[in-house]
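**Student:** I'd like to ask some things about the structure below.
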């Protein structure tokens, strides 16, 4: 009987060992299942994160592509890591400049100097720089040094904005102020000079001399009034405060009316005016269209050669009437054709002032034609004359 407890003990131990191995096997299977499930979930999460990251990257790149300014991102060696399309177009870079050094992609010493002068103490700077690809172009450039001393790689960010039009506008404004100052100063100086002479010599000059002085004062006062009136008209046209009263205008009748007013001046210079145009009605403001014709014919007489010829005509192209006024004067140089509609611009300043006028006539013509939805331009051959053309809406079935 003494061996029975030992046998029972051994059997219990064996049972416990068997139970342990059975439990361990079940635990191992459960662990493997959990591990497989976790790996599947981890893979799905990584795929979702990758997809979200790609979508965000795409959205961010689309955002950077959509801005009008050029954008460059460079590494510490000034190699291009990112370039948006506006930057490629503005700087005329290769179609795929990624990986190129900035100096290899574009020859722009001013930008290189701007970037190289960035330091941790002055990590950003803005400058206006001339375009590397256009003699007339100007860019506003912002450059910044990112992570100059941080744990992340050092980078440069550059933004480029085309300010060519802004600078041209500023230049034209400066020229306008200078021109208007000169135009106003001349008659004012004459009036002041003659008035001072009269006051200094009261009772000591003849009636004839006094009358000559007063006539000069009156003449310059009239010129001053013309300049101011033209400035007011031009300003009102540019701001749209002058209403355009549209009605059916008989162009042929209006033209004959205007040419009759200039006939005396043309005859005195020996100039013949010929009108040849179909009977057509223009949809516009008769007073403003008359002003356009008057300014163009006035110019043609001023600059046409003595004993010359002025031809005025029109043609109809669908619902558009194209009118022209041509002279056989000295012509206009090609480089001046694009500027002749600017305020106070003169091809030959000394000759223009000698013939009179305010220097605003063609600028007023342009504003009136544009207010009617038309276009105006000039064609010229040096030594053979100039033709001014403008378009206006025509009335197909006038009543």
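**Student:** Order 126-132, 249-255 from most to least packed using the mean count of other Cβ atoms within 10 Å. Kindly include the intermediate steps, with their values, before the conclusion.
**Tutor:** Values: 126-132: 15.1, 249-255: 17.9.
Result, highest mean first: 249-255, 126-132.
**Student:** Related question: Once the mean 1/r over all distinct Cα pairs of region 127-284 is inverted, what Kirkwood radius in angstroms do you read off?
**Tutor:** Values: mean 1/r = 0.0434 Å⁻¹.
Kirkwood radius, region 127-284: 23.0 Å.
**Student:** Please work out how much length the chain gains when fully extended from residue 381 to residue 198, using 0.36 nm per residue of separation minus the C-alpha to C-alpha distance, in nm with one decimal. Don't skip to the end; give the middle numbers.
**Tutor:** Details: separation 183, 0.36 × 183 = 65.88 nm, distance 4.80 nm.
Between residue 381 and residue 198, full extension yields 61.1 nm more.
**Student:** Relative to the present Cα-Cα distance, how much length would full extension add between residue 96 and residue 164 at 0.36 nm per residue of separation? If you can, show how the numbers build up before the last one.
**Tutor:** Values: separation 68, 0.36 × 68 = 24.48 nm, distance 2.58 nm.
Difference between extended and current length: 21.9 nm.
**Student:** With Kirkwood's inverse mean 1/r over C-alpha pairs for Rh, give me the Rg to Rh ratio of region 244-398, two decimals please.
**Tutor:** For region 244-398, the value is 0.95.
**Student:** On to the next question. What ranking do 197-207, 278-288, 293-303 get when scored by the average of other Cβ atoms within 10 Å per residue, highest first?
**Tutor:** 293-303, 278-288, 197-207
**Student:** May I pose another question? Could you calculate the contour length gain from residue 121 to residue 142, that is, 0.36 nm times the residue separation minus the distance between their Cα atoms, to one decimal place in nm? Display every interim value, and only then the final one.
**Tutor:** Values: separation 21, 0.36 × 21 = 7.56 nm, distance 1.63 nm.
Gain in length upon complete extension: 5.9 nm.
**Student:** To continue, here is another question. Taking just the alpha carbons, could you work out the radius of gyration and Dmax for region 65-163, both in angstroms?
**Tutor:** So, for region 65-163, Rg and Dmax equal 12.8, 42 Å respectively.
**Student:** Measuring from label point to label point, each 7 Å out along Cα→Cβ, what is the residue 135 to residue 174 span in nm?
**Tutor:** Result for the modelled spin labels: 1.9 nm.
**Student:** Next question, about the same structure. How much FRET efficiency would the formula 1/(1 + (r/R0)^6) give for residue 248 and residue 277, where r is the Cβ-Cβ distance and R0 is 25 Å, rounded to 0.05? Walk me through the numbers on the way to the answer.
**Tutor:** Details: r = 16 Å, r/R0 = 0.64.
Step by step, r from the Cβ atoms, then E = 0.95.
**Student:** Would you mind pulling out the separation of the Cα centroids of region 324-339 and region 64-104, in Å?
**Tutor:** Taking the Cα centre of each part, region 324-339 and region 64-104 sit 43 Å apart.
We did not get these values from a lab; they are worked out from the coordinates using the rules stated. Since we're looking at a predicted model, the values are computed, not measured. FYI the Cβ positions are ideal-geometry reconstructions off the backbone, even for glycines, and counts take in every protein chain you see.
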